[in-house]
Amino acid sequence: MRFMVMIKSDERTEAGVMPTEEELTAMGRYNEELVKAGVLLAGEGLHPSAKGARVKFTDGRPTVIDGPFAEAKELIAGFWLIDVKSKEEAVEWMKRIPCTDGVETNVEIRQVFEPADFGEAYTPEQRERDEQLRLAARKD
């Protein structure tokens with residue numbers, strides 16, 4: 001089962017405050033554990049929303065909205081994509097995230113849809129096309 005794990009933003013991350021050397025070292029060790037366990041598929045930190053944009057569609061027409069966006073705690077500061085056996089295993093891994101004392105950190109864990117989740121509506125032709133796209137996207 002794949003899970004997207006999203007680290008929520010806060011005032012510090014939205015202000016562009018960079019992690020300390022100690023925080024980077026601790027996170028690097030944690031990421032190494034995920035890699036050694038064979039569960040990490042991807043993981044990255046994100047720039048503040050001030051450097052981002054949203055595209056909103058109304059009646060099929062796009063409107064671009066530049067950041068920053070309100071409610072820092074509702075935004076995403078970084079993510080991991082992990083592959084584990086269960087939601088419980090994902091939770092256990094995330095309980096080990098090295099977090100800074102005195103700073104509240106919120107993490108959201110969401111399961112990624114798998115082809116079987118879509119049932120018969122996801123035809124064999126669509127599956128094949130999507131698999132070819134995934135393979136093409138992985139090429140260097």
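Scan segment 53-101 for residues that are open to solvent by less than 90 Å² (accessible area, probe 1.4 Å) and assigned to a helix (DSSP H, G or I) and jot them down.
Correct list: 72, 89, 90, 91, 93, 94.
Among all residue pairs at least 6 apart or on different chains, which show Cβ distances below 6 Å where the first residue, located in segment 117-132, is closer than 22 Å to residue 1 by Cβ and the second is loosely packed, with under 10 Cβ neighbours inside 10 Å and hydroxyl-bearing (Ser, Thr, Tyr)?
Filtered contacts from segment 117-132: no entries.
Assess whether residue 13 counts as being of a type in the set (S, T, N, Q), part of a helix (DSSP H, G or I) and open to solvent by less than 60 Å² (accessible area, probe 1.4 Å). Let's see the steps before the verdict.
Details: of a type in the set (S, T, N, Q): yes; part of a helix (DSSP H, G or I): yes; open to solvent by less than 60 Å² (accessible area, probe 1.4 Å): yes.
It is true that residue 13 is of a type in the set (S, T, N, Q), part of a helix (DSSP H, G or I) and open to solvent by less than 60 Å² (accessible area, probe 1.4 Å).
How many residues, within segment 108-129, are among the acidic types (Asp, Glu) and under 22 Å from residue 80 (Cα atoms)? Outline the logic, then answer.
The initial filter retains those residues of segment 108-129 that are among the acidic types (Asp, Glu), namely 108, 114, 117, 120, 125, 128.
Applying the additional criterion that residues be under 22 Å from residue 80 (Cα atoms) yields 108, 114, 117.
Going through segment 108-129 one residue at a time, the tally reaches 3.
Residues that are surrounded by 16 or more Cβ atoms within 10 Å (Cβ to Cβ), part of a strand (DSSP E or B), of a type outside the set (D, E, K, R) and on the phi < 0 side of the Ramachandran plot: does segment 23-40 have at least one?
Yes, the conditions are met somewhere in segment 23-40.
Do any residues in segment 4-20 that are closer than 21 Å to residue 94 by Cα have Cβ atoms under 9 Å from those of residues that are polar (S, T, N, Q) and surrounded by 19 or more Cβ atoms within 10 Å (Cβ to Cβ), where the two are at least six apart or on different chains, and which pairs are they?
Note: pairs meeting the criteria are 7/13; 9/49.
Yes or no: segment 110-119 includes at least one residue that is within 30 Å of residue 11 (Cβ to Cβ), open to solvent by less than 60 Å² (accessible area, probe 1.4 Å) and in a loop (DSSP other than H, G, I, E, B). Break it down stepwise before answering.
Step one: of segment 110-119, the residues within 30 Å of residue 11 (Cβ to Cβ) are 110-112.
Now narrow it down to the ones that are open to solvent by less than 60 Å² (accessible area, probe 1.4 Å): 112.
Filter once more, keeping what is in a loop (DSSP other than H, G, I, E, B): 112.
Among the residues of segment 110-119, at least one is within 30 Å of residue 11 (Cβ to Cβ), open to solvent by less than 60 Å² (accessible area, probe 1.4 Å) and in a loop (DSSP other than H, G, I, E, B), which makes the answer yes.
The values are calculated or read from the model by the stated rules, or taken from the named source; none is laboratory data. Predicted, not measured: the structure shown is a model, and the values here were computed from it. Note that each Cβ is placed from the backbone with ideal geometry, even for glycine, and that neighbours are counted across all protein chains shown. Heads up: the accessible areas ignore ligands, DNA and RNA and are worked out on the full protein's heavy atoms, side chains in. Shrake-Rupley method; radii C 1.70, N 1.55, O 1.52, S 1.80 Å.
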